[in-house]
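Chemist: Can you keep this structure in mind? I'll have questions shortly.
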Amino acid sequence: MNKQQEINILSHLISIKSVNDHEAAVADYIESLFKPYEDQGVKIERVSYAPDRDNLIVTIGEGERMLGFSGHEDVVAPGDLSQWNSDPFKATIKDNMLYGRGASDMKSGLAALIAAMLDKIRLLCTVGEETGEYGAAQLTKLGYADNLAGLVIAEPGNDMHEIGYTSKGIIDYIVTSKGKGAHSSQPQKGINAIDHLIDFAVQVKPLMAKFDKVNPVLGPLTHVQSVFNGGEQINSVPAKAVMKGNIRTIPEYPNQVVFDALNGLVDQLNQKPGYDLTIEYSFPEDAMPGDKDAPLIKLIEHVHDELFDGPIEPKGQAGASDGSEFLHAKGDFAIALIGPGNNTQHQSNECVDLDVYHQSIKFYQQLAEEFFAQP
């Protein structure tokens, strides 16, 4: 495959408006690239998450050891179009940089994996990574990641100079307080939902502060109260209030431990007269532990040294990825996050360096070759 063909794949992927939805169109395109080779040992499977939202699995070859490559098909919304210098859904090349929504996160990585697929590589294309990794969760539950010998996810890696081998988990929680409406001139006839929610908001901060261990790579658990809504109008006792918070967990504190603490606080407050608090969680992700000395990480470092100038750095990541779901698959295998993207993800004028993109394809190819050459 020549460089123009590699650019064409990336450009076509960017043209598909898979903004937190419509991933089936991405799956259609990728399937069309591999369909001509089904009689040559290529197996193509689709797993639907919801209408117009399809995961895609492409498997080439057979054997006892299988290397998994993974990339997500969705992108975030382009935001304010006036902040873009070009159409975010039309790949635009300027000064050897290719611009477009997903150019960094992570259609460049997905395109590079597609171009690099070799014998005995499994490609897992997932839906919904940007909003909860539920495509990866679905494929994991169905066993598609079971007993892999290793998994590489093409998340942006600072122009291929960083390997993510461990990452924080995520807990998004929503607390709803129900009260009783009344006129503000007679507050004794109502129950103020905001007052009760404030009690939770005040007490949850020292509760989370008790999780004070610090991971040597990822740092501490963090907690942010990010959304607070309540009340209908200024002269009424509010009958409902909602608070949302975001917690980034570390391996020292599995998500269930944090759930237990939050649930306990809600139960404790609900013992008070008139309190009616409920809590729910939105697509929580466990922290991804990892070992920077794992054979897969060391192999990546070795291949990188052969193909790129400058060192590569194993790092922990504050954000979650599909790896948080794939780690629940059967078997003991390392997960590595490395891709051609950069720090322009989720921003206007998102871009990827074309030299890095082309070189990343060679990197994935050589990584696969040396992976399967190992005893």
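Chemist: Is it the case, given these coordinates, that SER324 is modelled with pLDDT of 95 or more, open to solvent by less than 50 Å² (accessible area, probe 1.4 Å) and assigned to a helix (DSSP H, G or I)?
Modeler: In short, no.
Chemist: Going by the conditions given, is LEU142 open to solvent by 10 Å² or more (accessible area, probe 1.4 Å) and at pLDDT below 95?
Modeler: Yes.
Chemist: Here is a follow-up. Looking at segment 244-273, I want the residues that are farther than 18 Å from ALA209 by Cβ and have a partner that is open to solvent by less than 50 Å² (accessible area, probe 1.4 Å) and among the small types (Gly, Ala, Ser) with Cβ atoms under 6 Å, at least 6 apart or on another chain. Which pairs are those?
Modeler: Note: pairs meeting the criteria are PRO251/ALA287.
Chemist: Picking from THR222, THR278, which residue would you name as being in contact with a Lys or Arg (Cβ under 6 Å, 6 or more places away or on another chain), among the polar types (S, T, N, Q) and modelled with pLDDT of 95 or more?
Modeler: THR222
Chemist: Any chance segment 292-313 includes a residue that's within 25 Å of ASP172 (Cα to Cα), in contact (Cβ under 8 Å) with a residue 12 or more places away in the chain and surrounded by 16 or more Cβ atoms within 10 Å (Cβ to Cβ)?
Modeler: no
Chemist: Let me ask something additional. So, in segment 205-226, exactly how many residues are in a loop (DSSP other than H, G, I, E, B) and open to solvent by 40 Å² or more (accessible area, probe 1.4 Å)?
Modeler: Total satisfying the criteria: 5.
Chemist: Now for a separate question. Looking at LYS3 and the list (1) open to solvent by 40 Å² or more (accessible area, probe 1.4 Å); (2) within 30 Å of ASP332 (Cα to Cα), which single condition is not satisfied?
Modeler: The number of the failed condition is (2).
Chemist: Would you be able to say whether some residue in segment 33-49 is within 21 Å of VAL356 (Cα to Cα) and open to solvent by less than 20 Å² (accessible area, probe 1.4 Å)?
Modeler: no
Chemist: Now, a different point. When you look at SER11, is it within 19 Å of LEU98 (Cα to Cα) and hydroxyl-bearing (Ser, Thr, Tyr), yes or no?
Modeler: Taking the combined requirement at face value, the residue satisfies it.
Chemist: Those residues that are assigned to a loop (DSSP other than H, G, I, E, B) and touching a Gly at 6+ places or on another chain (Cβ under 6 Å), I need them from segment 276-298; list them, please.
Modeler: Those that are assigned to a loop (DSSP other than H, G, I, E, B) and touching a Gly at 6+ places or on another chain (Cβ under 6 Å): PHE283, ASP286, ALA287.
Chemist: Something else now. Are any of the residues in segment 250-259 assigned to a helix (DSSP H, G or I), open to solvent by less than 60 Å² (accessible area, probe 1.4 Å) and out of contact with any Asp or Glu (no Cβ under 8 Å at 6 or more places or on another chain)?
Modeler: The answer is yes, given that some residue of segment 250-259 is assigned to a helix (DSSP H, G or I), open to solvent by less than 60 Å² (accessible area, probe 1.4 Å) and out of contact with any Asp or Glu (no Cβ under 8 Å at 6 or more places or on another chain).
Chemist: Being open to solvent by 30 Å² or more (accessible area, probe 1.4 Å), touching a Lys or Arg at 6+ places or on another chain (Cβ under 8 Å) and of a type in the set (A, V, I, L, M, F, W, C) is the requirement here; does ALA239 meet it?
Modeler: yes
Chemist: Among the candidates ASP54, ASP21, ASP80, ASP28, single out the residue that is acidic (Asp, Glu), closer than 28 Å to ALA329 by Cβ and in contact (Cβ under 8 Å) with a residue 60 or more places away in the chain.
Modeler: ASP54
Chemist: Out of everything in segment 145-181 that is at pLDDT below 95 and over 21 Å from the mean Cα position of the chain (by Cα), what residue ends up being surrounded by the most Cβ atoms within 10 Å (Cβ to Cβ)?
Modeler: ALA149
Chemist: Hey, does segment 352-360 have a residue that's of a type in the set (Ser, Thr, Tyr) and outside any helix (DSSP H, G or I)?
Modeler: So far as segment 352-360 goes, no, none of its residues is of a type in the set (Ser, Thr, Tyr) and outside any helix (DSSP H, G or I).
Chemist: Select from segment 1-48 the residues that are within 19 Å of THR92 (Cα to Cα) and of a type in the set (Lys, Arg) and write down the one among them that is farthest from the chain's Cα centre (by Cα).
Modeler: It comes out as LYS3.
Chemist: In segment 263-284, what count of residues is obtained for those that are touching a strand residue (DSSP E or B) at 6+ places or on another chain (Cβ under 6 Å) and open to solvent by 90 Å² or more (accessible area, probe 1.4 Å)?
Modeler: 1
Chemist: What pairs come out if I take residues in segment 349-361 that are closer than 28 Å to SER82 by Cβ and open to solvent by less than 10 Å² (accessible area, probe 1.4 Å) and pair them with residues that are small (Gly, Ala, Ser) and part of a helix (DSSP H, G or I) whose C-beta lies under 6 Å away, six or more apart or interchain?
Modeler: VAL352/SER108; TYR357/SER108
Chemist: Looking at VAL202, VAL217, VAL242 in this structure, which one is under 21 Å from LYS180 (Cα atoms) and β-branched (Val, Ile, Thr)?
Modeler: Being under 21 Å from LYS180 (Cα atoms) and β-branched (Val, Ile, Thr) holds for just one of VAL202, VAL217, VAL242, which is VAL242.
The values are calculated or read from the model by the stated rules, or taken from the named source; none is laboratory data. Quick caveat, the model's predicted, so the values are computed rather than measured. A quick note on method: Cβ atoms are made from the backbone with ideal geometry, for glycine too, and the neighbour counts reach across all protein chains shown. Only protein heavy atoms, including side chains, enter the accessible area calculation; ligands, DNA and RNA are left aside. Shrake-Rupley method; radii C 1.70, N 1.55, O 1.52, S 1.80 Å.
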